[in-house]
Amino acid sequence: MPPETIVQKQLDTYNARDLTGFLSCYTADVEIFNFGAAAPYMVGIAAVEKVYKDIFDQSPELHAHLENRIVFDNKVIDHEKVTGRKGVDFTEIVAIYEVTDGLISQVTFMRQG
């Protein structure tokens, strides 16, 4: 399966606020970083579940619009415009997803807005 397939599923389940489907896109030991940070700010699927359950519960109008996607080897780089996240009208992000054995194993976020 090409890496963009699981990343697209992750985006679709994020937009549907489908926590179970969303979590199924990640490895059990996923690491999530802010760009430039040496250490991840989230490690493991339980941490992802806790954070995104809160986001999905608090964001009835949540939607990420894909502006651009680059696929390079096992990396997928998405430029997204996110609206309705926990009361914030608009956030612009770049997410770098690393896919290992068909699941997202690492994410690095750059944020703006």
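So Tyr41 fits all but one of (1) among the hydroxyl-bearing types (Ser, Thr, Tyr); (2) under 18 Å from Ala16 (Cα atoms); (3) in contact with a strand residue (DSSP E or B) (Cβ under 9 Å, 6 or more places away or on another chain); what number is the exception? Evaluating Tyr41 over (1) among the hydroxyl-bearing types (Ser, Thr, Tyr); (2) under 18 Å from Ala16 (Cα atoms); (3) in contact with a strand residue (DSSP E or B) (Cβ under 9 Å, 6 or more places away or on another chain) leaves (2) as the failure. If you check Glu92, Glu61 for being surrounded by fewer than 16 Cβ atoms within 10 Å (Cβ to Cβ), under 13 Å from Tyr14 (Cα atoms) and acidic (Asp, Glu), only one passes: Glu61.
Selection of helices (runs of 4 or more DSSP H) fully inside the stretch 1-98 by the criterion of at least 3 residues being in contact (Cβ under 8 Å) with a residue 60 or more places away in the chain and under 21 Å from Arg111 (Cα atoms) returns 3-15.
Of the residues making up the stretch 10-24, just one is under 17 Å from Lys75 (Cβ atoms) and touching a Phe, Trp or Tyr at 6+ places or on another chain (Cβ under 9 Å), namely Gln10.
Specify which of the listed residues (Leu23, Leu62) is under 12 Å from the mean Cα position of the chain (by Cα) and over 14 Å from Ala95 (Cβ atoms).
Being under 12 Å from the mean Cα position of the chain (by Cα) and over 14 Å from Ala95 (Cβ atoms) holds for just one of Leu23, Leu62, which is Leu23.
Every residue in the stretch 71-113 that is among the acidic types (Asp, Glu) and in contact with a Leu (Cβ under 8 Å, 6 or more places away or on another chain), please.
Keep residues of the stretch 71-113 that are among the acidic types (Asp, Glu), which gives 73, 78, 80, 89, 92, 98, 101.
Residues satisfying the conditions are Asp78, Glu80.
Within the stretch 59-78, is even one residue touching a Lys or Arg at 6+ places or on another chain (Cβ under 6 Å) and of a type in the set (Phe, Trp, Tyr)? Checked the stretch 59-78: no residue is touching a Lys or Arg at 6+ places or on another chain (Cβ under 6 Å) and of a type in the set (Phe, Trp, Tyr).
Each reported figure results from applying straightforward, stated rules to the coordinates on display, with no laboratory input. A quick note: this is a predicted structure, and the numbers were derived from the prediction, not measured. Quick reminder, even Gly has a Cβ in these numbers, built from the backbone with ideal geometry, and neighbours come from all protein chains shown.
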